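For reference, the structure is listed below as structure tokens.
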Amino acid sequence: PLLEDALRYLGLGYSVIPGHSIDSDGLCTCGKSGCQDAGKHPRTYWRRYQRERASEAQIRAWWKTWPAANVIICTGRVSGFVAVDVDPRHGGTESAQELALPATVTCLTGGGGAHYYYKHPGEHVGNRTGVLPGIDLRGDGGFVVAPESLHSSGQRYLWEVGYAPWEHEAAPFPSTINLTDPVSGLST
């Protein structure tokens with residue numbers, strides 16, 4: 001099923017790569033003891049796919065080698081969207097309300113957070129952590145884990161009902177997020 005998801009995302013114009021997954025013991029398949037990004041990092045060299053999309057044949061070959069690989073989508077201009085990563089455990093819910101994030105394509109992470117996909121604004125959007133408490137930005141040069149991938153919690157990443165990319169159009173990038181100030185999330 002993850003191969004089918006990867007191909008579906010490719011069909012939407014997203015740059016797709018394989019990610020490490022979670023093994024039967026709940027550990028990351030990278031084999032690194034105490035991996036802090038279990039199931040959330042690429043299985044292969046991926047920088048090239050920040051500029052170009054893999055072919056269908058390449059995606060099929062990757063998932064033939066790693067059938068349980070999580071699906072990772074490279075963010076930014078290559079896929080046409082920027083993701084706002086909201087982590088409620090670090091104050092993301094309140095920060096998202098402060099930013100007045102508009103409704104858009106939404107992935108619910110297996111860890112209780114959400115990735116909001118907004119149209120790429122055309123100018124460079126870097127990756128930033130701590131835009132506001134619990135808010136990170138995944139833009140050019142970044143990536144997100146996509147549904148139906150498995151989170152280390154044992155839960156799957158899922159599209160919010162009615163907000164999958166084939167059900168809802170990505171909204172314009174929010175003007176409340178300042179692209180030039182690496183510290184503040186609010187435009188002035």
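The values are calculated or read from the model by the stated rules, or taken from the named source; none is laboratory data. What you see is a predicted model; the values in this text were computed from it and never measured. All Cβ positions, glycine included, derive from the backbone under ideal geometry; neighbour counts span all protein chains shown. The protein model used for the area step is the full one, side chains on, heavy atoms only, and it has no ligands, DNA or RNA in it. Shrake-Rupley method; radii C 1.70, N 1.55, O 1.52, S 1.80 Å.
Here are a few things to note about the model shown:
- In the stretch 98-126, of all residues being part of a strand (DSSP E or B) and open to solvent by 50 Å² or more (accessible area, probe 1.4 Å), the one that is nearest to Arg77 (Cα to Cα) corresponds to Lys119.
- Qualifying positions in the stretch 55-96 - among the basic types (Lys, Arg) and under 19 Å from the mean Cα position of the chain (by Cα): Arg77, Arg89
- For Ile177: the one exception among (1) under 30 Å from Ser24 (Cα atoms); (2) crowded, with 21+ Cβ neighbours inside 10 Å; (3) not polar (S, T, N, Q): (1)
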